[in-house]
Amino acid sequence: MSGEADMSQSRRSQGPMLNFTKMHGLGNDFMVVDAISQPFRLRPEMIRELADRNFGIGFDQLLVVEPPGLPDVDFRYRIFNSDGSEVEQCGNGARCFARFVRDQRLTNKKVIRVQTAKGVIELRVGRAGMVTVDMGVPELNPPAIPFAADRRKDVYTVELGGDTVELSAVSMGNPHGVLLVDDVDTAPVGEYGPRLENHPRFPARANIGFLQIVDRTHVRLRVFERGSGETMACGSGACAAVVAGCLRGLLDNRVDVELKGGRLVIEWQGEGAPVMMEGPTASVFEGQLRLPADQPPRRRKSTRHSDAKSGTNRQNNRHRQPATSRP
Ligand SMILES: N[C@@H](CCC[C@H](N)C(=O)O)C(=O)O
């Protein structure tokens, strides 16, 4: 399926066309763009317009594929929330990213190393669209999350305008607060989500997870995402929730996380170990949209040559600084 979006009503003059792919991981949906062959510039207000589900394409996050800026890394991965803010991590997006770079034949590797704003993550492509992501070691030290606290604890008490809530604070590259609830279906996601997202104890804002323990290997989870609102699934939120549940002694090392959009398998062996996330990816349609006129020059089109040694397109292996897309 393919389509063309005309976003020209908000534009004075018209620029080149941009190819994109609409994808999702358990209903957490993305617009994914190859900015290696199509360097582009989008301002935050344009991202907000494109993300709009009535007036735009509609997505939770925009994912941008760029050339890496480090040696021994295949790509750089940039993530923008639907409010236009650039963020450090997106777990469901990372799986879709892996599928996208293979579908677009930007690489034929099955293990792909990707530079994010918070370090390098490794993506492993499996069968039938399944991808496993090494999401790195969770950060629990309050200033690094960032979360305001005088010392590290597994559970913090937070004042919320007259109420008090208990939450765990975890960074998976991006900040998360995780609350335990009896039943996700009746959890106050719409009320507490935005208030905790913007709580002064999370100076960079946060994603807020509502975690129901079913048993030691099975949980249910809803996540109110920073900059996007409640989504059908949040991969980094699922990782943070399992870390929080393990820290409280409630979970085993391998847990099925049931989200509105489906199920992820999360594994964590404990302090100092990376969190592994396994789940599906889906490609929905390809489209084109016309960019505003103020775009960086396009590179000359050339045939893609697969590098026999690395498996990644040679063009991509040049370590270019700085970023080619500047939303
Ligand atoms: N949907 C994501 C997380 C996207 C970023 C998040 N909203 C943030 O601001 O940190 C996931 O699957 O992890």
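The values are calculated or read from the model by the stated rules, or taken from the named source; none is laboratory data. This is a predicted model, so every value here is computed, not measured. Reconstructed Cβ throughout: ideal geometry from the backbone, glycine too, with neighbour counts over all protein chains shown. The area values use the complete protein model at the heavy-atom level, side chains included, leaving out ligands, DNA and RNA. Shrake-Rupley method; radii C 1.70, N 1.55, O 1.52, S 1.80 Å.
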For the residue 263, residue 151 Cβ pair and Förster radius 35 Å, calculated FRET efficiency rounded to 0.05 is 0.50
Any chance you could list P(r) for the chain, counting all Cα-Cα pairs in 20 angstrom bins from zero, rounded to whole %?
33, 56, 11, 0
Mean shadow area (nm²) of the C-alpha convex hull around segment 14-116 is 6.7 nm²
Amide H partners (placed H, <5 Å) of residue 58, local residues excluded:
51, 52
Cα-Cα pairs in segment 142-273 separated by more than 19 Å, as a whole percent of all pairs, come to 42 percent
Ranked highest first by the average count of other Cβ atoms within 10 Å around their residues, in what order do 238-248, 74-84, 146-156, 128-138 fall?
238-248, 74-84, 128-138, 146-156
Full-extension gain between residue 141 and residue 72, please, as 0.36 nm times their residue separation minus the C-alpha to C-alpha distance.
22.0 nm
Per residue, how much accessible surface does segment 84-224 expose to a 1.4 Å probe? Answer in Å², no decimals.
43 Å²
Ignoring ligands, DNA and RNA, what percent of the 1.4 Å accessible area of segment 142-273 is carbon and sulfur?
46 percent
Net length gained if the chain between residue 186 and residue 111 were fully extended (0.36 nm per residue, minus Cα distance):
23.0 nm
Pop out the ³J(HN,Hα) list for segment 40-45 in order, Karplus 6.51 cos²θ - 1.76 cosθ + 1.60 with θ = phi - 60°, rounded to Hz; leave Gly and Pro as x.
8, 10, 10, 7, x, 5
List every residue whose amide H lies under 5 Å from the amide H of residue 73, counting only residues 5 or more places away in sequence or on a different chain, with H placed 1.01 Å from N in the peptide plane.
none
Give me the distance in nm between label points sitting 7 Å out from Cα along the Cα-to-Cβ direction at residue 14 and residue 295, one decimal.
1.2 nm
Among beta bridges assigned by DSSP with both residues in segment 142-273, the antiparallel ones amount in percent, to the nearest 5, to 75 percent
Calculated from DSSP helices alone, with each H run of at least 4 adding -39500 (n - 2.57) and the total divided by the residues of the chain, [θ]222 nm to the nearest 500 comes to -4000 deg cm²/dmol
Expressed in nm to one decimal, what extension gain is obtained for the pair residue 166 and residue 253 from 0.36 nm per residue of sequence separation less their Cα-Cα distance?
29.0 nm
Toy charge model, Lys and Arg Cβ at +1, Asp and Glu Cβ at -1: segment 92-161 dipole around Cα centroid in debye, rounded to 20, equals 580 debye
Place the peptides 217-223, 207-213 in order of packing, highest mean first, counting for every residue the other Cβ atoms within 10 Å and averaging per peptide.
207-213, 217-223
